[in-house]
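Since every read-out is calculated from the coordinates, none of them should be taken as a lab result. The shown structure was predicted, so the numbers you read here are calculated from the model rather than taken from an experiment. When we count neighbours, we look across all protein chains shown, and the Cβ atoms used for this are built from the backbone with ideal geometry, even at glycine.
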């Protein structure tokens, strides 16, 4: 199930880039990010209420609150930078560079979460890095 959800995420992310590139034309990138964020907020809270999980909010620990807030700030920073890059650059070049987040995530997961970094992970990181360079040069 995780694979289908991850693949669906990739498809939606691809659609996000194409739809955003079309929609951002003539719109300030910060305003576009705010509009996108409002849609995401409504969707996310809609799912919370649809699945009747809103009562769980009182059970969230202070530590989880802190890291969820920090994650939200990182998401906001990512989206602001992404939309500005998408506005001034070509989607076919912006998106591959944005996907270097895969490599950065693997490195950070190794350093901070002590996840395994195998030879397979290393080869994948190198291939993603080289592939990104090939696509943007």
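Descriptive notes on the structure:
- Put in line by how crowded their Cβ is, counting other Cβ atoms within 10 Å and starting with the fewest, 105, 33, 58 read 58, 105, 33.
- For the chain, averaging the sequence separation of C-alpha pairs within contact (under 8 Å, six or more residues apart) and dividing by the residue count gives a relative contact order of 29 percent.
- Taking only the C-alpha atoms of the range 25-137, the Rg (one decimal) and the largest Cα-Cα distance, Dmax (whole number), read 17.8, 50 Å.
- Comparing 97, 24, 35 in a Gaussian network model of the chain (Cα springs below 10 Å), the most mobile by mean-square fluctuation is 35.
- Footprinting exposure proxy for 125, 81 (fewest neighbouring C-beta atoms within 10 Å first): 81, 125
- Ranked for footprinting exposure by Cβ neighbours inside 10 Å, fewest first, 63, 36 give 63, 36.
- Computed P(r) (all Cα pairs; the range 2-87; 5 Å bins; percent): 3, 11, 15, 21, 21, 15, 9, 4, 0
- The helix-only estimate of mean residue ellipticity at 222 nm for the chain, built from DSSP H runs of length n ≥ 4 each weighted as -39500 (n - 2.57), is -27000 deg cm²/dmol after division by the residue total.
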